[in-house]
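Note sheet for the following structure.
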Amino acid sequence: MTRPLLNDRGLAVACALVFATFLGIAALGFAQIASTYQWCESDAAGQLASARAVAELRLDATPAVVCRSGEVTVELPVAPAVAGVVFAVIGMAISLVTIVVTARRVRAAQRR
């Protein structure tokens, strides 16, 4: 039994929208990490009463941006942002595979 062509196209469009949504989630996660890193390099020095702060991105079991300013060290956790990026990348991969499979079905249905 063949599927209606409209359903496959609708699925492809829906998956493209889901892909775009996950892309936005990943972009927001990267923006949050970059913002925290930038804050550490620029604004943290003034708040920690130092001339300069050094930022370091640590991606281990507990992802964090580490700010060092003289003897003061501040760890700012970015685990939720990293988890959001990982979730979004997995979602984008699943959406992309679904789009490709559905596009092949649509092409095959048009040839018949």
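Of the residues making up the range 81-103, those that are within 11 Å of the chain's Cα centre (by Cα) and open to solvent by 40 Å² or more (accessible area, probe 1.4 Å) are Ala83, Val86, Phe87, Val89, Ile90.
Among Ile94, Ile99, which is the only one that is under 30 Å from Asp8 (Cα atoms) and without any contact (Cβ under 8 Å) to a residue 40 or more places away in the chain?
Values: Ile99 fails: without any contact (Cβ under 8 Å) to a residue 40 or more places away in the chain.
Going through Ile94, Ile99 in turn, the sole match is Ile94.
Whether any residue in the range 10-28 is out of contact with any strand residue (DSSP E or B) (no Cβ under 7 Å at 6 or more places or on another chain), outside any helix (DSSP H, G or I), modelled with pLDDT of 85 or more and small (Gly, Ala, Ser) is what I want to check. Checking the range 10-28: not a single residue is out of contact with any strand residue (DSSP E or B) (no Cβ under 7 Å at 6 or more places or on another chain), outside any helix (DSSP H, G or I), modelled with pLDDT of 85 or more and small (Gly, Ala, Ser). Considering each residue of the range 51-67 in turn, at least one proves to be of a type outside the set (Val, Ile, Thr), touching a Cys at 6+ places or on another chain (Cβ under 8 Å), in a loop (DSSP other than H, G, I, E, B) and open to solvent by less than 60 Å² (accessible area, probe 1.4 Å).
The values are calculated or read from the model by the stated rules, or taken from the named source; none is laboratory data. Everything quoted here is computed from the prediction, not taken from an experiment. Here Cβ is always computed from backbone atoms with ideal geometry, including for glycine, and neighbour counts include all displayed protein chains. Remember, those area values only see protein heavy atoms, side chains included, never the ligands or the DNA or RNA. Shrake-Rupley method; radii C 1.70, N 1.55, O 1.52, S 1.80 Å.
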